[in-house]
1. Along the Cα→Cβ direction, 7 angstrom out, place labels at A66 and D18. What is the inter-label distance in nm?
2. For the chain, with a Gaussian network of springs between Cα atoms less than 10 Å apart, report the residue from G177, G206, G190 with the top mean-square fluctuation.
3. Counting heavy atoms of the protein chains only and a 1.4 Å probe, report the per residue accessible area for the stretch 3-241 as a whole number of Å².
4. What share of Cα pairs, in percent, lie more than 21 angstrom apart in the stretch 133-216?
5. What residues from the stretch 15-58 fall in the zone where the backbone N is under 17 Å from a label point 7 Å along the Cα-to-C-beta line of A96?
6. In terms of the ratio Rg/(2.2 N^0.38 Å) built on C-alpha atoms, what value belongs to the stretch 178-243?
7. Could you work out the relative contact order of the stretch 3-241, using alpha carbon pairs under 8 angstrom and six or more residues apart, expressed as a whole percent?
8. Tell me the carbon and sulfur percent of the accessible area for the stretch 90-181, rounded to whole percent, probe radius 1.4 Å.
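The values are calculated or read from the model by the stated rules, or taken from the named source; none is laboratory data. Everything numeric here is computed off the predicted structure, so don't read it as measured data. Positions of Cβ are backbone-derived with ideal geometry, glycine not excepted, and every protein chain shown enters the neighbour counts. These accessible areas exclude ligands, DNA and RNA; they are computed on the full protein's heavy atoms, side chains included. Shrake-Rupley method; radii C 1.70, N 1.55, O 1.52, S 1.80 Å.
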Amino acid sequence: MGNEERDADRAHWSRVADQWIAWARAPGHDAFWAYRDALLAFVGPGTGAALDVGCGEGRVARALTALGYRVTAADPVERFVAAAAAADSADAYAVAPAAALPFAPASFDLAMAYNVLMDVQDVPAALAGIRRVLRPDGALFVSIVHPFADRGQFADSRPDAPFVLQGSYFGRQRFEGTEARNGLSMDFAGWSLPLEDYMAALEQAGFAVVALREPRPDIRARPDLARWNRMPMFLWLKARPLP
C-alpha cells in the first residue's frame, strides 16, 4: 500500500479524534460496553508486559491494566495518545503505527489489536510489526467487526428482522458512514476484508490462531443489541507466534 493511502487513514482519525473520544467515553454508549466483560474473560488476568496497538483514547488499555498487565499504549494519532495519557490509561505511551512500532524485538508478552486492523491499509505489515515485538511465547488478541456483519445489514429495526447481504462477501471494500446516538455522532471509515484475508495475513506474519470467539452482547443495559444474539457483531482471535 502506498503512503498516500496510509496517510489518508491517519488523517481521517486525526480529524475525528475528538468525536471518537466523546463517543468512546460516554458511559455505556456504544457496543464495546456490552462486550467488555466477555473480552476481559477471553484475555484473562496477567502480570506481563502488554501492548495496546491502536489504543485510541485508551479504554482497552485501561481494561488491560485492570487485568493486572503492565501496559504500553500506542497509536499513530497523537491526539489519541495524549487523551490516553491524560486518562492514566497505561504505564507508557508511543505515537506509532503497528507496522513501525518503536520497541525492541520480543518486548511484550501480550499484544492487543482491538478493532484496529479494519483501519490498517497493509494488514500483513501491521501484523509483522506486532510479531516482531512479541516474545516467542507471547499472545496476540485481535478484535474485528465480524467480516460477514460488515457486508450487510438488518432489513429493519425489528429484533427478528432478516439480515441482508449487500453485494459480495469477498474482496476488499472501503466503508464510510456516520452513526448517531444519544446526541453524539461519529464518522467511521475503514476497510472490510473477508475472513480468509485476515487468516492469510496472520499466516504470512508468522502467527497461528489458537482460539476464536464470536461473542454475544450483554443486553441487560443495551436491549437494542438483542439482534446480535442471532448473528455475531464481532470476531475475536487469539494467535501465537510460530517458531
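1. 2.8
2. Per the Cα network of the chain with a 10 Å cutoff, G177 tops the list.
3. Numbers: 10880 Å² over 239 residues.
About 46 Å² of surface per residue is accessible.
4. Details: 1660 of 3486 pairs.
Result: 48 percent of Cα pairs exceed 21 Å.
5. Of the residues in the stretch 15-58, 49-56 have backbone N under 17 Å from the label point off A96.
6. On the way: Rg = 16.1 Å, N = 66, 2.2 N^0.38 = 10.8 Å.
After normalising by residue count via 2.2 N^0.38 Å, the value is 1.49.
7. That works out to 19 percent.
8. 56
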